[in-house]
Amino acid sequence: MALGGALAIGLLFQYLPFILPFWAPWPLLIVGICRPRLWVAVAVWVMIGTSGLYQASHWQERVLSSACERVPLRLSGSVDGLVSARHMQVNGRERARYLRFAFTVERIDPPRCEGPGRLLLYWSTEQGLSPGDRLKVEALLRRPWGYANPGGDNRQRQLFIDAVHGVGSVRSALPVASPSPGSVLDRVERLRDALSRRLQTSLDADMAALAAALFVGDRRLLSEEHWSRLRSFGLTHLMVISGMHVSMLAGLGWALGSMVARGLALAGLGRRRDYLAPFSALGLAAIFTVWSGSELPATRALFMLAPVMVCFRQRGGASGWHLLGAALLAILILWPSSGLGASLW
């Protein structure tokens, strides 16, 4: 009987990723955040497994076909996120500049190679690129693989976490006029890039690198010398936008919300003033998380903050362990691959 039930559940999991909508876990989380129950916990853990299966199968289906490796392909799409400009040694003396950027694919020619949705591209050029730029690209691609050395980085695992379906080098690229200004996230990335460039022109190199990392989460200007110096003083965590930075902004939001609530109380306005402080804290923290690039450490901190703010009025209704567990479950459901990184734990 038990074996039959286990087989039935296993077969159901094979099809759940294609039947269950991705938003399905959220009602369970909303019910279980402040009033946890055993059945809710079991159901949410089932959703974590389902979400993990969905992400893994979806990534595997979209990985570049081996028949299309190192074949000239014509791509059209847009730059996704900030673009890193780096240099490499050529013949031991010259320094060649190349760009490293993520690329969201809209079309691949020939059609038999379609499938990849996000690529990591390298382009040796003196041109500049901005987030959201639309391009027509000719590139040579390969499947997302990498070395896994003991005590070192597992590159293939990181490419999976970043949802990269192929890696390659750009032979040529032409800009394409965009009919629209792009999504909200594209606009935010362009603003971050513009502010980072402004800091580079108005401050000296060291100050610009530190200011860009702190204000917009842009660590492109930090050199190995910067990181070595920060490690020697134990300050590397300051340059990675995470829980400390999000908490500081949440504290500022709480103070502003409390001031507004007190002003309304003095004016005799508003009956639900006690919600202003927690939700202004959560709102300012969310804005800062998006502004800093929505990376996992900051997003994790935001998800840890959210249930605390939601359950603010129910004093004693949820313990700290319940709130921490709710944040962990939410992250593992939305980004199950984040469990593969040491940063989450």
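The values are calculated or read from the model by the stated rules, or taken from the named source; none is laboratory data. Just so it is clear, the structure is predicted and the values come from calculations on it, not from any experiment. All Cβ positions, even for glycine, are placed from backbone atoms using ideal geometry, and neighbour counts span all protein chains on display. These area figures cover heavy atoms from the full protein model, side chains too; ligands, DNA and RNA do not enter into them. Shrake-Rupley method; radii C 1.70, N 1.55, O 1.52, S 1.80 Å.
Report yes if some residue within segment 165-183 is in a helix (DSSP H, G or I) and closer than 25 Å to G339 by Cα; otherwise report no. No: zero hits.
Determine if segment 303-311 includes at least one residue that is in contact with a Pro (Cβ under 7 Å, 6 or more places away or on another chain) and buried (at least 17 other Cβ atoms within 10 Å of the Cβ). Yes, segment 303-311 has at least one match.
Every residue, every condition in (1) over 26 Å from the mean Cα position of the chain (by Cα); (2) within 29 Å of R187 (Cα to Cα), yes or no:
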{"position": "W227", "(1), (2)": "no, no"}
{"position": "V240", "(1), (2)": "no, yes"}
{"position": "G251", "(1), (2)": "no, yes"}
{"position": "S258", "(1), (2)": "yes, no"}
{"position": "F279", "(1), (2)": "no, yes"}
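Filtering segment 189-224 to residues that are β-branched (V, I, T) and open to solvent by 70 Å² or more (accessible area, probe 1.4 Å) leaves only T201. Here I287 clears all of (1) surrounded by fewer than 19 Cβ atoms within 10 Å (Cβ to Cβ); (2) among the β-branched types (V, I, T); (3) at pLDDT below 85 except the condition numbered (3).
Across segment 230-251, which residue is modelled with the lowest pLDDT among those that are surrounded by 15 or more Cβ atoms within 10 Å (Cβ to Cβ) and of a type in the set (S, T, N, Q)? Filtering segment 230-251 for residues that are surrounded by 15 or more Cβ atoms within 10 Å (Cβ to Cβ) and of a type in the set (S, T, N, Q), the one modelled with the lowest pLDDT comes out as S242.
Restricting attention to segment 54-65, does a residue exist that is part of a strand (DSSP E or B), open to solvent by 20 Å² or more (accessible area, probe 1.4 Å) and either modelled with pLDDT under 90 or not aliphatic (A, V, I, L, M) (or both)? Looking for residues that are part of a strand (DSSP E or B), open to solvent by 20 Å² or more (accessible area, probe 1.4 Å) and either modelled with pLDDT under 90 or not aliphatic (A, V, I, L, M) (or both), one finds none in segment 54-65, hence no.
If you go through segment 140-164 and keep only what is assigned to a loop (DSSP other than H, G, I, E, B), open to solvent by 70 Å² or more (accessible area, probe 1.4 Å) and out of contact with any Ser or Thr (no Cβ under 8 Å at 6 or more places or on another chain), you end up with W145, Y147, N149, P150, G151, D153.
Each residue in segment 111-124 was checked for being open to solvent by 30 Å² or more (accessible area, probe 1.4 Å) and in a strand (DSSP E or B), and 3 of them qualify.
Considering W254, W227, which residue is aromatic (F, W, Y), assigned to a helix (DSSP H, G or I) and crowded, with 19+ Cβ neighbours inside 10 Å? Even if it seems obvious, please write down each step before you answer.
Values: W227 fails: crowded, with 19+ Cβ neighbours inside 10 Å.
When all the criteria are applied, what remains is W254.
So which residues in segment 125-139 are open to solvent by 50 Å² or more (accessible area, probe 1.4 Å) and either over 21 Å from D186 (Cβ atoms) or polar (S, T, N, Q) (or both)? Those that are open to solvent by 50 Å² or more (accessible area, probe 1.4 Å) and either over 21 Å from D186 (Cβ atoms) or polar (S, T, N, Q) (or both): E126, Q127, E138. Taking segment 198-219 as the range and being free of Cβ contacts under 8 Å to residues at least 60 places away in the same chain, assigned to a loop (DSSP other than H, G, I, E, B) and under 16 Å from W291 (Cα atoms) as the test, only R219 passes.
Among the residues here, G270 qualifies as at pLDDT below 85, in a loop (DSSP other than H, G, I, E, B) and either among the small types (G, A, S) or in contact with a strand residue (DSSP E or B) (Cβ under 7 Å, 6 or more places away or on another chain) (or both).
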